[in-house]
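Let me begin by presenting the structure, written as structure tokens, before commenting on it.
The values are calculated or read from the model by the stated rules, or taken from the named source; none is laboratory data. A quick note: this is a predicted structure, and the numbers were derived from the prediction, not measured. No Cβ is skipped: glycine too gets one built from the backbone with ideal geometry, and neighbour counts run over all protein chains shown. Surface areas here come from the heavy atoms of the whole protein model, side chains and all, with no ligands, DNA or RNA. Shrake-Rupley method; radii C 1.70, N 1.55, O 1.52, S 1.80 Å.
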Amino acid sequence: MLDLKGKIAFVAGAGTVGPGWGNGKATAVLLARQGAKVFGTDINEAAANETRDLIAKEGGECVVHRCNMTVADEVRAAVDACMQRFGRIDILINNCGGSAGGDPVSMTEEVWDAQLDLNLKTTFMGCKFVLPVMEKQKSGVIVNISSIAGFRHQVAGRVNIAYSTAKAGLAAFSRSTAMAYVKKGIRCNTVIVGTMHTPLVEQRLVKQLGAGDAATLIAQRHAAVPMGHMGTGWDTANAVVFLVSDEARYITGIELTVDGGISAARV
Ligand SMILES: NC(=O)c1ccc[n+]([C@@H]2O[C@H](COP(=O)([O-])OP(=O)(O)OC[C@H]3O[C@@H](n4cnc5c(N)ncnc54)[C@H](O)[C@@H]3O)[C@@H](O)[C@H]2O)c1
């Protein structure tokens, strides 16, 4: 089950913003545990190196490459480096993303552009340069990491106009890509991530939301989930590994929501 031996996985955003398990890091490690060789990119080399070292410590293989996934030349170079090292790409995970608060009036044009670049263009870039490789192979699978913020507004939450827009756009991007490549042996799906307890909560959200202390914010985030607690990077990783596995071979163009019941509670 979920055997990925012999597969090469390109993970964009393979590090974490701080110590602990983020979605990208847990996904990279779980892909390696299932037997895949991982090529991880990150704009933060040290973060990528940490993921590489964790995989190596468990006996897996991971190569990392510093790359800003919003810049075409850098993404092309990363894909070339992956091909030189491993000769193929079976799995592409587009995990880069992060939110900034603001509504259409309060958000500056610069923040809007940067948010769309980080949350949407990174996925476009990953697909743009990896899909030709997969097309030649006549096989491949892509998972794009979206957020519940694109689909369900959190009643007590802040407005993230560009983030929500980009994350909703990712589902359309994935479905269109899935249909463009459905006859070519390539699948493409979206994982919609709910409210997770990843390092970005302590590292970023506490400051961004002006919540003062992390404990209050964490308690609020746990309480807002029907299951009573946030998910973790491993919950995201488990969904991703299923979607890239051969067990999911008949699944393309879908959104798999991992949210502890939030969507069901807010139809
Ligand atoms: N944690 C949550 O509660 C939550 C909820 C919903 C969705 N998400 C989504 O999950 C994804 C990330 O989760 P995570 O826990 O791995 O976050 P993270 O911020 O810890 O890790 C993301 C990694 O991507 C890297 N990165 C950022 N910009 C980059 C760029 N331009 N090029 C290359 N690398 C870049 C960062 O350096 C970081 O190491 C995002 O798409 C986010 O929107 C998270």
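Of all the numbered requirements in (1) touching a strand residue (DSSP E or B) at 6+ places or on another chain (Cβ under 6 Å); (2) closer than 25 Å to Asp117 by Cβ; (3) within 13 Å of the ligand (Cβ to nearest atom), Asp235 misses one, and that requirement is (2). Looking only at segment 97-112, decide whether some residue is more than 20 Å from Ile161 (Cα to Cα), away from the ligand (no atom under 12 Å from the Cβ) and at pLDDT 95 or above. Within segment 97-112, none of the residues are more than 20 Å from Ile161 (Cα to Cα), away from the ligand (no atom under 12 Å from the Cβ) and at pLDDT 95 or above.
For the condition touching a helix residue (DSSP H, G or I) at 6+ places or on another chain (Cβ under 9 Å) and open to solvent by 30 Å² or more (accessible area, probe 1.4 Å), Lys167 does not qualify.
Residue-wise test of (1) within 13 Å of the ligand (Cβ to nearest atom); (2) open to solvent by 50 Å² or more (accessible area, probe 1.4 Å); (3) of a type outside the set (Ser, Thr, Tyr); (4) in contact with a strand residue (DSSP E or B) (Cβ under 9 Å, 6 or more places away or on another chain).
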residue	(1), (2), (3), (4)
Lys183	no, yes, yes, no
Cys188	no, no, yes, yes
Ala215	no, yes, yes, no
His222	yes, yes, yes, no
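The set of residues in segment 72-105 that are under 25 Å from Gly185 (Cα atoms), open to solvent by 30 Å² or more (accessible area, probe 1.4 Å) and charged (D, E, K, R) comprises Arg76, Asp80, Arg85, Arg88. From the list Leu120, Leu92, Leu116, the lone residue that is within 14 Å of the ligand (Cβ to nearest atom), in contact with a helix residue (DSSP H, G or I) (Cβ under 7 Å, 6 or more places away or on another chain), more than 19 Å from Ala14 (Cα to Cα) and modelled with pLDDT of 95 or more is Leu116. From the list Ala237, Ala215, Ala219, the one residue that fits, being of a type outside the set (Phe, Trp, Tyr), in a helix (DSSP H, G or I) and within 15 Å of Gly22 (Cβ to Cβ), is Ala237.
Tallying residues that are in a helix (DSSP H, G or I) and either within 13 Å of the ligand (Cβ to nearest atom) or farther than 30 Å from Gln220 by Cα (or both) within segment 140-181 yields 22. If you go through segment 229-252 and keep only what is open to solvent by 20 Å² or more (accessible area, probe 1.4 Å), touching a residue at least 12 places away in the same chain (Cβ under 8 Å) and not hydrophobic (A, V, I, L, M, F, W, C), you end up with His229, Thr232, Asp235, Asn238, Asp246, Glu247, Arg249, Thr252. Which residue is surrounded by the fewest Cβ atoms within 10 Å (Cβ to Cβ), if the candidates are limited to segment 33-50 and must be within 11 Å of the ligand (Cβ to nearest atom) and under 17 Å from the mean Cα position of the chain (by Cα)? This residue is Asn44.
Just one of the numbered conditions (1) buried (at least 18 other Cβ atoms within 10 Å of the Cβ); (2) within 18 Å of Gly20 (Cα to Cα); (3) among the charged types (D, E, K, R) is not true of Arg204: (1).
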